[in-house]
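Data first, discussion second: the structure below is written as structure tokens.
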């Protein structure tokens, strides 16, 4: 049974959402994160649909953000859901749709997000954390969407110019800072764009800190995949997309 049909069946028959509202909210917010982020790792993208809630996707993601400290900002996670949905479409995207998707991360302010969600002593690490996610979401969108030539040129210049500053934000996150827990996905996406040996050494150090924190195979697998991407780029040049 499809996920959506299953959730509606539970509404009609078991009335799970009515009887256990907190459980259904937890399942919806957890599923949203796993579904949206998980879809970024497969070629066959699929649009996100809530399990139980009839609320707009952004409302669900805002609720998820309010319950976590080191998760992706809701606005940026919403952009990922838009990118995945667009990539799953069998129809050619109109230019306005592409421009609209890219407008969201560009209009996102890491500083405003940090100020709104933290006390003064947390603002700097929160801002760095949000900058890392913002850059990764833009890079992912560029890699996945059939980007218009004008946008492609604009963003290639922007990313190449700001890559060092993005890496600086990553490097500046203290290994003992809890925010490090939330940068595995953006670190992987950003890492696929690095060009120089010094940048690769820096990112290898970042993944070393992540391994010390998590002790999980996902970190090891991510680094191995990145090493393959770097080797491929060394052979084929930098024109090929890192995320394929």
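Scanning region 44-67 for residues that are in a loop (DSSP other than H, G, I, E, B), within 16 Å of the chain's Cα centre (by Cα) and either free of Cβ contacts under 8 Å to residues at least 24 places away in the same chain or crowded, with 18+ Cβ neighbours inside 10 Å (or both) yields a single hit, 48. Once region 1-43 is narrowed to residues that are outside any helix (DSSP H, G or I) and under 23 Å from residue 67 (Cβ atoms), the residue that is modelled with the lowest pLDDT is 20. With respect to being in contact with a helix residue (DSSP H, G or I) (Cβ under 6 Å, 6 or more places away or on another chain), without any contact (Cβ under 8 Å) to a residue 24 or more places away in the chain and more than 23 Å from residue 44 (Cα to Cα), residue 131 falls outside the description.
The values are calculated or read from the model by the stated rules, or taken from the named source; none is laboratory data. Computed from a predicted model, the values in this text were never measured in an experiment. Cβ atoms come from the backbone with ideal geometry, glycine included; neighbour counts cover every protein chain shown.
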